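The values are calculated or read from the model by the stated rules, or taken from the named source; none is laboratory data. Keep in mind it's a predicted model, so treat the numbers as computed, not measured. Don't worry about glycine lacking a Cβ; one is built from the backbone with ideal geometry, like all the others, and counts go over all protein chains shown.
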Amino acid sequence: MFTDDNRRDWILLAISNDRRAVELERDVRTRTTWVVKRVRSGELAVKALSGSVPTVALVDSELPIISCEEFAYIARRRPITERMALVIVEFGRLDRSREATVIAAGADEYVDGNQPSGIWHRVETVLIRRRVAPSAATNARRLHQIDGMFVDLDRSFVSVDGTAVVMQPLEFALLQYFLERKNCVIRREELWRAIWHKDEPMRSRTIDVHICRLRRRLGAGAARLQTLVRRGYRFVG
C-alpha cells in the first residue's frame, strides 16, 4: 500500500488504550514494513515530533493530557510537520461536530477506529493528496478560517462555530468561487457562466435564491458576502 520516497518512513500511533494500540500496530505491520512508534498521551505524541517526522500520525480522539485537537494545532503550525498525514481515530461513536473541530484544528481525516480497513483506505487517500499537493503557500489558500467559519476546499468541508455544515453542490461551488476571489467584485453574468455553465440568458432569480441559501449557511460569515447594487457581489476577506 505505502511507498518509500527515498527516506525513512514511519508511523506514529498515539493511542491511549493498549489493546486498541496493539490491534492497530498489528494491522500496520500486515500492510507495510514501516517502523511503528506507539505512545499513550498527547504530551508524548508532541515529544515524538521533535526527532524525525512521521509520515503518518494516527491519533486517538480521546488522547489524554494534550487533546487530539491541540496535537493537530501544534503539528500544523510547525513547518517541519505541516505536511505529515494526520488522521484522528474515533473508537466511540462518530460525531459530526467533533469532526468539524478536529478538521478545523488541522487533521486530514476523522475516521472510525472500529473498522481498520476503512482507516487504511483513508490514510492512502491522504498520502496521495499530500504527495501531489501544491506548495505550502498554494495549499494554504485552500483552507479558510473566517468569523467562526472553517472551509477546506480540497475536502469540500465546511463548519461554522464548530458544527459541520451540509451544503448542496451549487452552494459549495458558489462559496468556493467567492473564497478564491476574495475582495473582487463578481458580476452576476460571471457567476451564471462559471457556476451554472449557461450560455442562455441569465436568470437573476436563480442566483438570488442560491446566494440567500448560502448566506443562511455561513453564520456570522454571511455579512462578508456583500451585494453591490447594479454591480454584483463581493466576499470580503
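If you go through the stretch 101-119 and keep only what is buried (at least 21 other Cβ atoms within 10 Å of the Cβ) and in contact with a Phe, Trp or Tyr (Cβ under 7 Å, 6 or more places away or on another chain), you end up with V102, I103, A104, G113. For the stretch 140-237, the strands (runs of 3 or more DSSP E) that sit wholly inside it and include 1 or more residues that are closer than 30 Å to R122 by Cβ and in contact (Cβ under 8 Å) with a residue 12 or more places away in the chain are 143-146, 149-152, 157-160. Using the structure shown, decide if V166 is aliphatic (A, V, I, L, M), farther than 20 Å from V236 by Cβ and in contact with a helix residue (DSSP H, G or I) (Cβ under 9 Å, 6 or more places away or on another chain). The answer is yes for V166. Given (1) modelled with pLDDT of 85 or more; (2) part of a loop (DSSP other than H, G, I, E, B), identify the lone condition not met by I11. The single condition I11 does not satisfy is (2). Each residue in the stretch 55-73 was checked for being over 15 Å from D108 (Cβ atoms) and surrounded by fewer than 23 Cβ atoms within 10 Å (Cβ to Cβ), and 6 pass. Please enumerate the residues belonging to the stretch 168-178 that are of a type in the set (A, V, I, L, M, F, W, C) and buried (at least 19 other Cβ atoms within 10 Å of the Cβ). F172, L174, L175, F178, listed by residue number. Those helices (runs of 4 or more DSSP H) of the stretch 16-106 in which at least 3 residues are touching a residue at least 40 places away in the same chain (Cβ under 8 Å), considering only elements entirely within it, cover 18-31, 96-105.
Could you tell me whether any residue of the stretch 217-232 is farther than 21 Å from L143 by Cα, of a type in the set (K, R) and touching a Lys or Arg at 6+ places or on another chain (Cβ under 9 Å)? Yes, the conditions are met somewhere in the stretch 217-232.
Among R122, R131, which is the only one that is surrounded by fewer than 20 Cβ atoms within 10 Å (Cβ to Cβ) and either modelled with pLDDT of 80 or more or farther than 18 Å from R76 by Cβ (or both)? Unique residue meeting the criteria: R122.
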